[in-house]
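Down below is the structure, laid out as structure tokens.
The values are calculated or read from the model by the stated rules, or taken from the named source; none is laboratory data. None of these values were measured; they are calculated from a predicted model. Here the Cβ is made from the backbone with ideal geometry for all residues, glycine too, and neighbour counts use every protein chain on show.
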Amino acid sequence: MPFSIDFLDDGRVLEWEATTGGAVATERDDYTPHFYVAPRDPASDLDLTTLQSVYDQHPDVVATETEARRPGFRRDEETVLAVDIAHIDRVTPLARQARQLSHYPVGDLACFNVDFSRGFRYCLETGADPTPASELSTLRLSVPVTETSNDVYEELSVAGDTVTGSPTELLTAVQRALEAHDPDVLVCSTSEIVPTLYEMATDAGVDDFSLSRWPDVDYQQLASRSTYSSYGRVGHSPARYNVPGRAIIDESNTFFYGETNLEGVLDLVSRSKKPVQELAWASIGNVLTAIQICEAHDRGVLVPWNSWRQEFYKPMGTLHDADRGGFIFAPEVGLHENVHELDFSSLYPNIICTRNVSPDVIQCDCHGDRDDVPGLGYSICDDRGYLVDVLQPIIDARDEIKAAIRHEKDLDEPDEDRLAGLEGRSGALKWILVACFGYQGFSNAKFGRIECHEAINAFAREILLTAKQRLETGGWRVVHGIVDSIWVTPDPDVDDEDREDLETLATEITERVEIRLEHEAHYDWVAFVPQRESDAGALTKYFGKVAGDDDFKIRGIEARQRSTPPFIEDVQRDCLDRLDATRSPDAVLGRLERAIDELQAGNVAVERLVERNRVSKPLEGYSQNTQNVAALKRAREQDLAVHPGQDIEYVVVDDEKSSRDRVALAHEEIETYDASYYETQLVRAIESVLLPLGWGRTDIRRRLAETREVELTEFTAVRNG
């Protein structure tokens with residue numbers, strides 16, 4: 001069970017297995033990756049022998065063979081050409097040549113099993129399981145932001161200890177830590193630590209420095225840094241490096257490790273067959289795709305290089321009906337007492353599994369006369385879809401893990417380490433389940449289909465409407481509903497003795513729709529926030545006090561926004577406490593006034609005013625002198641590299657300026673801040689708290705002005721008296 005797999009330039013492969021006595025390497029020189037070529041049209045009579053003869057003469061091709069494989073879930077076995085390659089890095093270039101051959105017009109041929117990551121391909125083709133057999137040891141290396149652009153580090157954190165000094169001293173500290181911990185995983189604040197340490201060693205004449213466990217190779221660069229855009233959001237992918245014998249987790253380029261922990265990563269490793277290092281940098285969709293590819297592989301189905309699924313023909317009326325999202329019941333703006341939140345457990349994944357929604361069975365030819373999808377008339381085959389086999393084990397596993405978490409928390413002395421591991425695994429599986437629905441509508445999904453996306457929404461709307469209607473007949477009033485959640489409060493027009501028990505209703509609805517409706521929370525009160533400059537309720541902005549608990553549930557407002565400075569977040573949370581205790585805007589405004597006084601007096605620590613914002617484009621791409629632009633100018637002045645898709649942190653010191661002096665970067669020595677700017681941000685945050693009570697920004701400013709005028713009058717009277 002190799003936790004790490006290295007590919008050497010000469011074609012050899014190293015499998016690294018974690019054991020109680022340390023990592024052990026197994027060397028292989030017989031591995032030949034492969035891809036497949038087949039006619040794009042199943043009815044085509046294309047002869048593959050000419051293509052085979054061309055590949056047989058290629059120096060990078062080890063062997064070719066015709067095999068019987070399924071080029072898609074909706075296709076039977078066909079004759080395809082398997083091409084074995086001498087080196088894993090030559091798979092994509094050779095597949096690309098299949099498109100360029102003059103013997104075949106463009107579009108006649110399709111390539112399969114091409115764009116797999118290296119470790120995943122190896123595990124899929126050899127049957128190797130990348131799940132570690134023993135616990136992995138880790139070592140963390142990190143550098144402060146001021147060092148990230150330097151060719152030579154002057155400060156480095158090694159296993160939590162800060163080391164400063166000459167390059168030789170830093171390299172010695174790293175080498176000692178490697179010997180002491182013998183880590184299987186290097187957790188780096190940035191992957192650039194790897195090449196920088198080697199360059200420092202070369203310049204300092206330290207010949208015996210190495211992060212690698214393999215004597216012949218120090219490190220390899222797997223990919224260069226890049227900037228990308230996904231659904232309108234700019235992201236940055238740092239360069240990726242490999243150190244033989246050790247997996248690298250780049251904290252600046254990891255979703256699952258950042259959102260969960262190592263246990264969450266390892267759970268997905270076992271399900272996706274992606275080794276630790278690849279799983280760490282992979283996106284949610286990338287991991288979901290890998291799990292689906294494993295299922296396709298087990299069924300003998302090849303994976304298309306590019307998606308070419310056309311949308312099924314449908315009448316205009318069906319297009320109109322299908323082009324809708326999930327259920328939305330607009331929130332009633334205001335503060336509501338005694339509110340219960342009910343959630344359907346993993347609604348969309350469970351719809352897929354209970355309704356058998358899968359790309360290979362939706363609108364099947366064998367049941368074309370059936371109307372299985374409500375309102376759309378799509379048929380769904382009786383054969384079990386592959387997507388059900390992908391998701392059902394994940395749903396079941398997460399239910400078991402959540403039950404284990406509840407059990408652990410109920411103990412008098414919970415095992416915190418075990419609890420953290422369980423929560424990491426639950427969180428990792430949650431993200432996969434969250435993505436499985438949207439992935440069906442993603443144009444580049446390997447196995448997605450828009451009709452599945454539409455069908456899932458149609459079932460969801462029917463389920464939520466069923467729940468809403470039954471709750472209302474049971475004496476409950478719906479105050480908000482969205483996608484898979486419903487908030488209800490007792491209907492004042494129904495006598496208490498006539499109102500049905502909520503748990504009983506939830507059980508009845510569960511049995512009717514075949515998906516568990518859970519009582520998520522009981523709130524003493526919930527406030528739904530209106531949209532700014534509108535009376536309509538914002539769908540995802542609300543906050544409420546959990547009954548019998550000191551916690552608030554907060555969504556959408558400033559305290560949940562990643563850019564909000566800690567000081568403003570703390571004040572907003574204090575105001576929620578005061579609103580809970582008094583239900584009075586005056587108490588909230590009193591806290592706001594004291595916060596403003598603290599700001600204006602210069603008594604707020606600058607580190608509590610740091611804003612963190614994402615950079616969306618290079619400095620030259622901005623046309624307005626925003627705060628981000630000022631921060632980028634300061635970063636460039638200090639030779640700090642901040643790429644589109646990365647975050648930049650700063651304090652606003654003079655918002656009236658448009659130059660780089662408008663802000664100061666978080667790592668700088670900051671002596672002052674722009675109190676007026678942060679006062680405006682405070683008022684905006686408190687507006688979110690008071691809007692459900694009918695208090696907007698104008699009302700807040702007027703009250704503040706009145707209060708200060710009274711204070712000034714009293715002060716003058718005392719002076720004159």
When residues of region 511-527 are limited to those that are part of a strand (DSSP E or B) and either among the hydrophobic types (A, V, I, L, M, F, W, C) or outside the structural domain of Glu332 (by TED's automatic domain parsing) (or both), the one farthest from Leu579 (Cα to Cα): Leu517
message: Restricting to region 28-84, name every residue that is part of a loop (DSSP other than H, G, I, E, B), closer than 28 Å to Tyr386 by Cα and touching a Leu at 6+ places or on another chain (Cβ under 8 Å).
response: Arg40, Pro71, Gly72
- request: Check region 40-53 and report whether any residue there is closer than 30 Å to His181 by Cα, surrounded by fewer than 17 Cβ atoms within 10 Å (Cβ to Cβ) and in contact with a strand residue (DSSP E or B) (Cβ under 8 Å, 6 or more places away or on another chain).
  value: no
- prompt: When region 480-497 is examined, which residues are found to be part of a strand (DSSP E or B) and β-branched (Val, Ile, Thr)?
  reply: Ile482, Ile486, Val488, Thr489
- prompt: Within the set of pairs 6 or more residues apart or between chains, which connect a residue that is outside the structural domain of Pro195 (by TED's automatic domain parsing) and in contact (Cβ under 8 Å) with a residue 60 or more places away in the chain inside region 155-178 to a residue that is loosely packed, with under 13 Cβ neighbours inside 10 Å and basic (Lys, Arg) with Cβ atoms less than 8 Å apart?
  reply: none
message: Here's a check for you: in region 627-672, which residue that is polar (S, T, N, Q) and either in contact (Cβ under 8 Å) with a residue 40 or more places away in the chain or within 19 Å of Val606 (Cα to Cα) (or both) is surrounded by the most Cβ atoms within 10 Å (Cβ to Cβ)?
response: Asn628
task: Answer with yes or no whether Leu589 is surrounded by 14 or more Cβ atoms within 10 Å (Cβ to Cβ) and in contact with a Pro (Cβ under 7 Å, 6 or more places away or on another chain).
output: no
query: Would it be correct to say that Asn356 is part of a helix (DSSP H, G or I), out of contact with any Asp or Glu (no Cβ under 6 Å at 6 or more places or on another chain) and not charged (D, E, K, R)?
result: no
message: Pull out all pairs, ordered by first then second residue, where Cβ-Cβ is under 6 Å, the residues are six or more apart or on different chains, the first lies in region 463-477 and is farther than 17 Å from Ser346 by Cα, and the second is crowded, with 23+ Cβ neighbours inside 10 Å.
response: Arg470/Ile509; Leu471/Val488; Trp476/Val488
- prompt: Here are some residues: Leu186, Leu139, Leu178. Which one is surrounded by 14 or more Cβ atoms within 10 Å (Cβ to Cβ) and part of a helix (DSSP H, G or I)?
  reply: Leu178
- request: With a cut-off of at least 2 residues that are crowded, with 20+ Cβ neighbours inside 10 Å and either aliphatic (A, V, I, L, M) or under 13 Å from the mean Cα position of the chain (by Cα) (or both), name the strands (runs of 3 or more DSSP E) lying wholly within region 211-291.
  value: 247-250
message: List the residue pairs whose Cβ atoms are under 8 Å apart, where the first residue sits in region 701-714 and is aromatic (Phe, Trp, Tyr), the second is outside any helix (DSSP H, G or I) and at pLDDT below 85, and the two are 6 or more positions apart or on different chains.
response: none
- prompt: What tally of residues in region 615-626 results from selecting those that are over 27 Å from Gln600 (Cβ atoms) and either at pLDDT 90 or above or buried (at least 21 other Cβ atoms within 10 Å of the Cβ) (or both)?
  reply: 1
query: Is it fair to say Gln600 is touching a helix residue (DSSP H, G or I) at 6+ places or on another chain (Cβ under 9 Å) and more than 30 Å from Leu579 (Cβ to Cβ)?
result: no
task: For Arg384, indicate whether it is outside the structural domain of Leu288 (by TED's automatic domain parsing), touching a strand residue (DSSP E or B) at 6+ places or on another chain (Cβ under 9 Å) and assigned to a loop (DSSP other than H, G, I, E, B).
output: no
Residue that is surrounded by the most Cβ atoms within 10 Å (Cβ to Cβ) [pool: residues in region 110-136 that are under 22 Å from Leu222 (Cα atoms) and among the small types (Gly, Ala, Ser)]: Gly119
task: Looking at (1) more than 30 Å from Phe112 (Cα to Cα); (2) assigned to a helix (DSSP H, G or I); (3) out of contact with any helix residue (DSSP H, G or I) (no Cβ under 7 Å at 6 or more places or on another chain), find the lone condition where Arg370 falls short.
output: (2)
task: Look through Asp501, Asp524, Asp491 and report the one residue that is surrounded by fewer than 16 Cβ atoms within 10 Å (Cβ to Cβ), modelled with pLDDT of 95 or more and in contact with a strand residue (DSSP E or B) (Cβ under 8 Å, 6 or more places away or on another chain).
output: Asp524
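Here is a yes/no grid of residues against (1) in contact (Cβ under 8 Å) with a residue 40 or more places away in the chain; (2) closer than 19 Å to Asn261 by Cα; (3) in contact with a Ser or Thr (Cβ under 7 Å, 6 or more places away or on another chain):
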site	(1), (2), (3)
Asp410	no, no, no
Glu413	no, no, no
Glu416	no, yes, no
Gly421	yes, yes, no
- request: State the number of residues belonging to region 240-270 that are touching a residue at least 60 places away in the same chain (Cβ under 8 Å) and basic (Lys, Arg).
  value: 1
- request: Mind listing whichever residues of region 624-669 are outside any loop (DSSP other than H, G, I, E, B), farther than 18 Å from Pro144 by Cα and either in the same structural domain as Ala239 (by TED's automatic domain parsing) or basic (Lys, Arg) (or both)?
  value: Lys633, Arg660, Arg662
